[in-house]
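The values are calculated or read from the model by the stated rules, or taken from the named source; none is laboratory data. Remember, it's a predicted structure, so these values are computed and weren't measured experimentally. No Cβ is skipped: glycine too gets one built from the backbone with ideal geometry, and neighbour counts run over all protein chains shown.
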Amino acid sequence: MFTTEEITAFVGAFVWPFIRISAMMMVAPLFSSKSVPIRVRVLASVALSVVIIPVLPPLPLVDFVSGEALLIAVNQVLIGAIMGFALQLAFNLFVMAGHILAMQAGLGFSLMNSPQDGVQVTVVGQLYLFLATLLYLAMDGHLILIREVLNSFTVLPVAAHGISPTGFWMLVSWGSEMFRSAVMMVLPGITALLMVNVSFGVMSKASPQLNPFSIGFLITIILSFIIIYITLPTLWPYFIRIMDSIFLLIQNILDQSAAYNAGKI
């Protein structure tokens with residue numbers, strides 16, 4: 001016969017890691033895609049939880065029908081969701097960069113449904129998202145994220161406390177970095193298109209009868225395709241820097257939260 005403490009320890013050893021991992025799966029790129037069925041995400045979370053259980057630190061013995069258990073579950077959801085959401089910001093950066101370039105190039109009218117989140121984005125933004133996804137898989141980013149989730153159980157163990165207020169603020173503050181990086185990524189293309197529009201403006205003033213704006217729209221679109229083709233090789237080093245920054249952000253959030261909780265205790 002099993003005692004109540006043994007049953008609680010056996011079930012808790014699976015439940016707490018599963019909650020954190022499944023929350024990450026529901027938010028992180030690739031795993032949270034609309035094209036991935038929920039059953040696949042749940043099965044992946046279960047399989048990953050079973051694999052990492054033997055290497056986890058000791059988990060707390062908590063009655064599942066209690067306020068403390070509810071608080072622990074909420075904190076596990078927040079930890080996993082924040083880790084996945086931080087990485088989602090990096091992917092949205094590329095979508096935003098493509099959207100900015102498309103609006104400047106006159107391609108803002110070309111929209112398509114994104115398989116990542118099911119909303120309409122510009123074709124250029126979707127192109128950048130596809131490239132970011134391929135680069136993410138090429139650098140084994142999904143495996144790095146799983147490793148970070150595993151390390152989070154050591155840095156921020158399962159307990160009734162989780163992410164600190166400063167950790168939330170660090171995540172929100174990175175939003176400004178997302179906007180800045182998106183603009184810097186497409187700044188060469190925006191500058192080139194601006195020079196083209198300025199040239200057409202000068203031509204229209206010098207010779208109004210030519211009406212250069214009648215063909216300017218077509219030329220701008222053609223030049224935008226050329227600019228996109230030329231700037232594509234620069235995405236790889238830029239993507240590496242963004243990923244390094246995101247994973248460093250996740251580590252800083254976990255470390256700061258652990259220090260805050262240690263001082264709080």
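Considering the range 138-183, and only residues there that are among the acidic types (Asp, Glu) and in contact (Cβ under 8 Å) with a residue 40 or more places away in the chain, the residue that is farthest from Asn261 (Cα to Cα) turns out to be Glu177. Quick check on the range 131-155: of everything there that is buried (at least 16 other Cβ atoms within 10 Å of the Cβ) and of a type in the set (S, T, N, Q), which residue is farthest from Ile19 (Cα to Cα)? Among residues in the range 131-155 that are buried (at least 16 other Cβ atoms within 10 Å of the Cβ) and of a type in the set (S, T, N, Q), the one farthest from Ile19 (Cα to Cα) is Thr133. Scanning the range 19-43 for residues that are surrounded by 14 or more Cβ atoms within 10 Å (Cβ to Cβ), modelled with pLDDT of 85 or more and more than 18 Å from the chain's Cα centre (by Cα) gives a single hit, Ile19. Only one of the numbered conditions (1) touching a helix residue (DSSP H, G or I) at 6+ places or on another chain (Cβ under 9 Å); (2) modelled with pLDDT under 80; (3) not aromatic (Phe, Trp, Tyr) is violated by Glu6, and that is (1). Just one of the listed residues (Val172, Val155) is out of contact with any Gly (no Cβ under 9 Å at 6 or more places or on another chain), aliphatic (A, V, I, L, M) and more than 18 Å from Leu93 (Cα to Cα), namely Val155.
Checking each residue of the range 156-168 against the condition of being over 30 Å from Ile19 (Cα atoms) and of a type in the set (Ser, Thr, Tyr) gives no match. Candidates in the range 156-195 are the residues that are under 29 Å from Glu68 (Cβ atoms) and among the small types (Gly, Ala, Ser); of these, the one that is surrounded by the fewest Cβ atoms within 10 Å (Cβ to Cβ) is Ala160. Beta carbons closer than 9 Å, at least 6 apart along the sequence or on distinct chains, pair a first residue in the range 117-128 that is of a type in the set (D, E, K, R) with a second that is modelled with pLDDT under 80 for Asp117/Ser32; Asp117/Ser33; Asp117/Lys34.
In the range 135-188, of all residues being β-branched (Val, Ile, Thr) and not in a helix (DSSP H, G or I), the one that is farthest from the chain's Cα centre (by Cα) corresponds to Val158.
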